[in-house]
Amino acid sequence: MQVSTLDKEDVKCVLRKRHGSVRNWARSKGLTGQQVADFMRGRSSAKVAKAIAAEFQIEGHALSIVSESIKLDNSSENAAAQLLIAEAC
């Protein structure tokens, strides 16, 4: 599998655009804003990864945080996620 990345700020942009704020999105998924913030800073959270993956229509096991980006382990999923970001932001 090829490894690709999404910028964390782009991911947050899409969540804000679709849900008004990252916190609103988190609440709609049964998460706290703090859980999402921690995930974006690199703390592992299967629940947050699964929710972000569902939002971007990618497989949850393919998501992980790398420095300032979110790593995807599949280039075709990355292309679809990049398109969503381009349309939203």
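Every number here is computed from the coordinates shown, using simple stated rules; none is lab data. Keep in mind that what you see is a predicted model, and the values were worked out from it rather than measured. Virtual Cβ from ideal backbone geometry, glycine too; neighbours counted across all protein chains shown.
General remarks:
- Here the 3J(HN,Hα) profile of the stretch 46-55, calculated from phi with Karplus coefficients 6.51, -1.76 and 1.60 at θ = phi - 60°, is 4, 5, 5, 4, 5, 5, 5, 4, 5, 4 Hz, Gly and Pro shown as x.
- Label-point separation, Lys17 to Gln34 (7 Å along Cα→Cβ), nm: 3.1 nm
- Rounded to the nearest Hz, the phi-derived 3J(HN,Hα) couplings of the stretch 25-33 under the Karplus curve 6.51 cos²θ - 1.76 cosθ + 1.60 (θ = phi - 60°) are 4, 4, 4, 5, 9, x, 10, 9, x, where x marks glycine and proline.
- Charge tally in the Cβ shell below 15 Å around Arg23, where Lys, Arg are +1 and Asp, Glu are -1, Arg23 excluded: +4
- Distant-in-sequence amide contacts of Asp7, defined by a placed amide H-H separation under 5 Å and a gap of 5 or more residues or a different chain, comprise Ile70.
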